[in-house]
Amino acid sequence: MIRTVTTTPYGDQKPGTSGLRKKVPVFQQKNYAENFIQSIFDALEGFAGQTLVIGGDGRFYNREVIQIAIKMAAANGFGRVLVGRGGILSTPAASNVIRKYEAFGGIVLSASHNPGGPTEDFGIKYNIGNGGPAPEKVTDAIYARSQVIDTYKISDVADVNLDAEGTQDIDGMTVTVIDPVSDYATLMESLFDFDAIRKLIAGGFRVVFDAMSAVTGPYAKEIIEKRLGAPKGSVMNFIPLPDFGGHHPDPNLVHARALYETMMAPDAPDFGAASDGDGDRNLVIGRGIFITPSDSLAMLAANAHLAPGYAKGLAGIARSMPTSGAADRVAEKLGIGLYETPTGWKFFGNLLDEGMATICGEESAGTGSNHVREKDGLWAVLLWLNILAVRKESALDIAAKHWATYGRNYYSRHDYEEVDSDAANGLVAALRDQLSTLPGKSFGALKVATADDFSYHDPVDHSVSKNQGIRILFEGGSRVVFRLSGTGTSGATLRVYIERFEPDPTRHDIDTQEALADLILVADEIAGIKTRTGRTEPSVIT
Ligand code: VG1
Ligand code: CO
């Protein structure tokens, strides 16, 4: 039986960089999740009788919202729901399922790398039929609807059994519980030379993967241990836990410190990797070398043709604006297009759909390709393994040769988390005020060439996205970028991105923070970070 429930709007349901993210208690407010899900459906047209994919990263409150979403999909007239067993689907796996089964779209429940638990973070994101995050036009419509919503529709039925694969019927809609892993594993096998990687591993190459008690555990177990033959134990923390074991499932040098230490030890394995809460980010560390995500994008693009799925070469490379220019040099050498988009995977969708870009990446540990429409953590790890298997060189050697060929983009991001929102907004406003007067000014040896607030003109649908980050570019190619996070759930997070290009191979082994020291000081001088936020140092340096 379908019930129409009266409700009142919540003022704060504006999706950010990647969907709506809030603390669990916010989502637990009466009708909060229902309002947002109904707003999604109300913003869409033409889904009657169509398929909706539903899945999440398994965090606290995942199962409850999955039940709500299924019952609301039935009440709103979808014909079929595909849901991952246990309510699990990694973000890239959800994207694949949407594409493979030609679904109308999907609802992905995740707050990604943010911690989980009763007082931690939760999130809801809508993906469109190409498998990618809804573009701004759609998220704007969802938000607008959420501000006036007065009813939602839900089926009054018992909970669906999420733990048994198979098909059930609710109010005329079919619900099929699917294996969350197999379609994804099949896709990976179609892209990479599993035989070559198997041989590499059988020959004694040691790989470790830290699933961080998050969603990639079952995927990595199946692919890395079962299909590629890595010894049991190669995949660590492989059981998805609702609170990620109390950790941040954020694959960076702070939260995956243990993996980093392991990879820097004298008896380190050959290759280490980790993924985040929802499986779309990756951390890649070779023995004795951390590869920054920006460098990883460039190195993967330069070598992708060594994997069967990319043997024909790349059509183009896309990167988010704050991501380093390392990939630009690869695109230039390959003679292919390089596209610079705002932060957030949703901006890559059109470029991938149009065949303009094949590989995309963000400095925040996201890399992916046209195989799905999300960034994909395990995909990046497998592409690295495929390249290592073909080149038969260490990651360290591959990186050193890459820098010798293209030059090195020293790069770091400094995050100031949970700063006062007014202070953060004031800082950005003050930067904007300086944009016209900065060019030509000198700070020590650094002279500002240009300064602007990044605006993106989508070459496919011609939409314009303004205010996507303040860029200060110096003569010689160094730059600092400032923007506020759109994924945080308390206060504001200021991100400062710092980059310097070094063509000289004799200067490619400097410590990154040291190589960027003068720019870090100038960033503070221009933005007044310390005085405005009251912070003496960043909360996280990646
Ligand atoms: C961050 C990253 C961005 C990424 C987004 C979603 O956004 O900077 O590159 O696309 O998270 O990734 P922001 O607005 O906080 O800087 V995930 O893995 O959290 O879905
Ligand atoms: Co993520």
Compute the length gained on full extension between residue 28 and residue 390: take 0.36 nm times their separation in residues and subtract their Cα-Cα distance, giving the result in nm to one decimal. 125.3 nm
What is the packing order of peptides 405-418, 10-23, 511-524, taking the mean over residues of other C-beta atoms within 10 Å and listing the highest first? 405-418, 10-23, 511-524
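About its Cα centre, what dipole magnitude does region 184-406 give when the only charges are +1 on Lys and Arg Cβ and -1 on Asp and Glu Cβ, stated in debye to the nearest 20? Intermediate values should be presented prior to the final figure.
Working: 20 positive and 26 negative charges, 118 e Å.
So the dipole magnitude of region 184-406 works out to roughly 560 debye.
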One can check that the equivalent ellipsoid of the chain, built from the alpha-carbon gyration tensor with semi-axes equal to the square roots of five times its eigenvalues, has lengths in Å, largest first, of 36, 29, 21
Using a 7 Å offset from the Cα along the Cα-to-Cβ direction at both residue 401 and residue 511, what is the distance between the two label points in nm, to one decimal? 3.0
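Going down the table (100/226; 312/401; 125/232; 100/346), which pairs top 25 Å between alpha carbons?
125/232
Leaving ligands, DNA and RNA out of it, report the carbon-plus-sulfur percent of the accessible area of region 2-179 at a 1.4 Å probe. Could you put the intermediate results ahead of the total?
Details: 2960 of 6190 Å².
It is 48 percent, rounded to a whole number.
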quick shape note, region 408-541: Cα extents on principal axes in Å, largest first -> 43, 40, 28
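For an R0 of 30 angstrom, estimate the FRET efficiency from the Cβ-Cβ distance between residue 151 and residue 176 and round to the nearest 0.05. Before the final figure, lay out the partial values.
Working: r = 28 Å, r/R0 = 0.94.
So the FRET efficiency works out to roughly 0.60.
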Label-point separation, residue 243 to residue 8 (7 Å along Cα→Cβ), nm: 3.3
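Summing Lys, Arg as +1 and Asp, Glu as -1, what charge do residues with Cβ under 10 Å from the Cβ of residue 539 carry, residue 539 excluded? Don't skip to the answer; put the middle values down first.
Values: positive: 535; negative: 415, 417, 418, 537.
So the environment of residue 539 carries a net charge of -3.
Run the dipole for region 395-470 about the Cα centre, Lys and Arg Cβ at +1, Asp and Glu Cβ at -1, nothing else charged, and hand back the magnitude in debye, nearest 20. Show your work: numbers first, answer last.
Values: 7 positive and 11 negative charges, 121 e Å.
Using only the charged Cβ atoms, the result is roughly 580 debye.
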DSSP bridge pairs, the chain: antiparallel proportion in percent, nearest 5: 70
For residue 537 and residue 190, FRET efficiency with R0 = 41 Å and r from the beta-carbon atoms, rounded to 0.05? 0.35
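Can you give me the Rg/Rh ratio for region 230-371, using Cα atoms for both radii and the Kirkwood formula for Rh? Before the final figure, lay out the partial values.
Details: Rg = 16.1 Å, Rh = 16.2 Å.
Answer for region 230-371: 1.00.
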Regression test value, accessible area per residue of region 2-179, probe 1.4 Å, units Å², expected 35
Compute the label zone of residue 265 within region 197-220: residues whose backbone N is under 17 Å from the point 7 Å along Cα-to-Cβ. 206-211
Alpha carbon centre of region 332-409 versus region 252-270: separation in Å? 23
Cα centroid separation, region 80-100 to region 429-498 (Å): 36
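So, with +1 on the Cβ of K and R and -1 on the Cβ of D and E, and no other charges, what is the size of the charge dipole of region 16-101 about its Cα centre, to the nearest 20 debye? Mind showing how you got there, number by number?
Details: 11 positive and 5 negative charges, 61 e Å.
That gives region 16-101 a dipole magnitude of about 300 debye.
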Selection from 526, 501, 541, by position along the positive dipole direction of the chain (Cβ): 501
For residue 206 and residue 490, what is the calculated FRET efficiency with R₀ set at 35 Å and r taken between the beta-carbons, to the nearest 0.05? 0.30
With label points set 7 Å from each Cα along the Cα-to-Cβ direction at residue 158 and residue 435, the distance between them in nm comes to 5.9
Roughly how many Å² of residue 226 are accessible to a 1.4 Å probe, to the nearest 10? 150
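As a test of the formula, what do you get for the chain when each DSSP H run with n ≥ 4 contributes -39,500 (n - 2.57) and the sum is divided by the residue count, at 222 nm and rounded to the nearest 500 deg cm²/dmol? Walk me through the numbers before you get to the answer.
On the way: 18 runs with 169 residues, N = 542.
After summing the helix terms and dividing by residue count, I get -9000 deg cm²/dmol.
The values are calculated or read from the model by the stated rules, or taken from the named source; none is laboratory data. Just so it is clear, the model here is predicted, and its values are computed rather than measured. Every residue, glycine as well, gets a Cβ built from its backbone with ideal geometry; the counts of neighbours run over all protein chains shown. Surface accessibility is based on the protein's heavy atoms, side chains included, excluding ligands, DNA and RNA. Shrake-Rupley method; radii C 1.70, N 1.55, O 1.52, S 1.80 Å.
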